[in-house]
Amino acid sequence: MATLGHDVVGIDVDVEKIAALNAGIPPFFEPGFPEILREALDSGRLSFSSTMASAAGAEVHFLAVGTPQSVEGDGADLSYVFGATRELLPHLSAGNVLVGKSTVPVGTAEALQEILDEAETGATVAWNPEFLREGFAVGDTLHPDRIVYGLAAGERGQRAKAQLDAVYASPLADGTPLIPTDFATAELVKVAANAFLATKISFINAMSEIADVVGADVTDLADAIGHDNRIGRRFLNAGVGFGGGCLPKDIRAFATRADELGVGSSLNFLREVDSINLRQRERVAALALAQLGTDPTGKRAVVLGLAFKPNSDDMRDSPALDVALRLHDAGVNVVSVDPAAVPRAQQLHPQLTTTTDINAALTDAEVVVLATEWPEFVQLDPTAIHARVKTPTIIDARNALAPSDWREAGWTYIGLGRP
Ligand code: UDX
């Protein structure tokens with residue numbers, strides 16, 4: 001927003017995070033983010049604050065707090081959404097817009113508008129779902145593939161639309177499809193998109209289970225069905241499954257919300273999508289254990305990857321981390337390798353042995369699991385590393401390697417749904 005020319009204050013309750021950001025230090029790994037943060041700070045148009053009073057005087061307030069899975073069940077924890085809104089109330093002025101970015105259960109925008117109205121703020125809610133992918137956050141933000149506005153009915157909604165149009169004015173919105181709609185639709189767009197993506201991944205993972213039984217190749221299958229434009233090849237990579245801070249918790253929260261709305265049976269299939277996905281992690285851990293003989297205790301396994309996807313240090317609901325923890329719990333001497341997530345893993349999961357040094361990790365390994373397809377893992381030279389390991393067995397849990405290259409170099413190659 002600041003690089004687009006707006007004056008921006010970023011507010012968070014985490015004092016340390018705010019201090020780091022003001023010093024130009026990103027609190028997470030994201031390609032291109034350090035540069036754009038520095039540029040924005042240098043422009044003088046961006047600052048960070050840990051006091052809500054810093055919001056006073058702004059015309060547009062983005063609400064981008066987390067909506068994690070609640071500790072009691074599968075629903076979303078909305079305490080940050082409502083907490084931040086209530087704290088913001090005294091600092092809102094008539095004509096302000098509160099723009100929801102957080103992924104929320106349908107009905108939340110309406111509830112927030114009621115809170116603003118009861119407090120007689122004269123401010124209006126708009127819902128503007130966020131579609132950025134981690135690892136591509138900067139590009140996806142500056143060049144979105146669509147912009148969705150959930151607007152209140154009537155003149156109020158039109159005023160909010162004009163304010164959002166001004167925020168997203170050229171060049172960001174140039175040529176970008178704009179979909180103005182109502183609150184409920186805008187809220188649903190986000191969870192429907194993530195549910196569809198999750199379903200696509202679990203579909204191909206289910207195919208990989210079938211392929212394993214009959215000796216078929218799920219990557220050829222995905223290529224072949226993906227050439228049909230109606231299906232498309234993207235999000236058809238079978239493997240250890242989806243993770244991260246969005247897809248898993250969003251499908252659970254969506255199914256839970258459907259239950260609350262009395263239409264649970266419409267989204268029952270999402271529970272199946274979830275269980276296919278979780279099965280993949282078990283499947284990979286079981287495959288690794290099977291390579292270690294009847295007693296895996298103390299045997300050395302290497303898991304390549306900790307983050308839930310490459311170009312991120314995010315380990316929320318990470319399949320790679322899950323596999324490593326399962327092996328660790330089974331008594332295996334597991335070493336996890338990741339280019340970005342090690343510092344955070346050492347804080348959050350001190351029981352795991354973690355390193356950025358691939359070669360040191362591979363020394364004397366009895367099985368290697370590729371769990372996150374970082375380029376440095378995919379580009380490993382199977383011939384060069386063959387002599388390091390004790391047993392040359394690779395489980396390609398992302399189907400990201402060329403089986404023939406590894407087999408020719410003397411490895412036992414095991415993919416998911418690949419003969
Ligand atoms: C997702 C949505 O893509 C994004 O639009 C939304 O705003 C937030 O949630 P993100 O969580 O960053 O983004 O990751 P994404 O690229 O969607 O990948 C999610 C997971 O699916 C990763 O664990 C990835 O490894 C896995 N995945 C993806 C597969 O297992 N197979 C695939 O073919 C694609």
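Bear in mind that the values in this text are calculations on the coordinates, not laboratory data. Keep in mind the model is a prediction, meaning the values are calculated, not measured. We place every Cβ from the backbone using ideal geometry, glycine too, and count neighbours over all the protein chains shown.
Overview of results
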read-out: So residue 275, is it in a helix (DSSP H, G or I) and hydroxyl-bearing (Ser, Thr, Tyr); value: yes
read-out: Selection from the range 292-320 of residues that are under 14 Å from residue 391 (Cα atoms) and surrounded by fewer than 20 Cβ atoms within 10 Å (Cβ to Cβ); value: 293
read-out: When residues of the range 126-147 are limited to those that are closer than 18 Å to residue 160 by Cα and out of contact with any Ser or Thr (no Cβ under 9 Å at 6 or more places or on another chain), the one farthest from the ligand (Cβ to nearest atom); value: 126
read-out: Test result for residue 163, surrounded by fewer than 21 Cβ atoms within 10 Å (Cβ to Cβ), in contact (Cβ under 8 Å) with a residue 60 or more places away in the chain and part of a helix (DSSP H, G or I); value: yes
read-out: Flag if residue 255 is part of a loop (DSSP other than H, G, I, E, B) and touching a helix residue (DSSP H, G or I) at 6+ places or on another chain (Cβ under 8 Å); value: no
read-out: Single match in 199, 185 (criterion: within 24 Å of residue 105 (Cα to Cα) and either among the small types (Gly, Ala, Ser) or in contact with a strand residue (DSSP E or B) (Cβ under 8 Å, 6 or more places away or on another chain) (or both)); value: 185
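Yes or no, residue by residue, for (1) buried (at least 18 other Cβ atoms within 10 Å of the Cβ); (2) part of a helix (DSSP H, G or I); (3) within 16 Å of the ligand (Cβ to nearest atom):
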{"site": "159", "(1), (2), (3)": "no, yes, no"}
{"site": "171", "(1), (2), (3)": "no, no, no"}
{"site": "180", "(1), (2), (3)": "yes, no, no"}
{"site": "191", "(1), (2), (3)": "yes, yes, yes"}
{"site": "208", "(1), (2), (3)": "yes, yes, yes"}
{"site": "211", "(1), (2), (3)": "yes, yes, yes"}
{"site": "221", "(1), (2), (3)": "yes, yes, yes"}
{"site": "235", "(1), (2), (3)": "no, no, yes"}
